[in-house]
Amino acid sequence: MDMGTIRGLITAILLVLFIGLWFWSWSKKRQAEYDAASRLPLDDDERPPAINKDREQHS
């Protein structure tokens, strides 16, 4: 095997892995997880934001 063949095989393997990952990430099984993640910025926090501890020590 020459170097061109090896590089071609590596490229083909990476392409197949990329396509497989793409199908897995866009599958219907993951739809609920993505919907929950998309609502995270809009959900109310249960507690107030943390206060910078450096400010507390200097006051």
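Things to note:
- Within segment 1-20, residues that are at pLDDT below 95 have Cβ atoms under 9 Å from residues that are among the aliphatic types (A, V, I, L, M) and part of a helix (DSSP H, G or I) in these pairs: MET1/LEU9, counting only partners at least 6 apart in sequence or on another chain.
- ARG55, sole failed condition from (1) at pLDDT 80 or above; (2) assigned to a helix (DSSP H, G or I); (3) surrounded by fewer than 10 Cβ atoms within 10 Å (Cβ to Cβ): (1)
The values are calculated or read from the model by the stated rules, or taken from the named source; none is laboratory data. What you are looking at is a predicted structure, and each value in this text was computed from that prediction instead of being measured. As a convention, Cβ positions derive from the backbone with ideal geometry for all residues, glycine included, and neighbour counts pool all protein chains shown.
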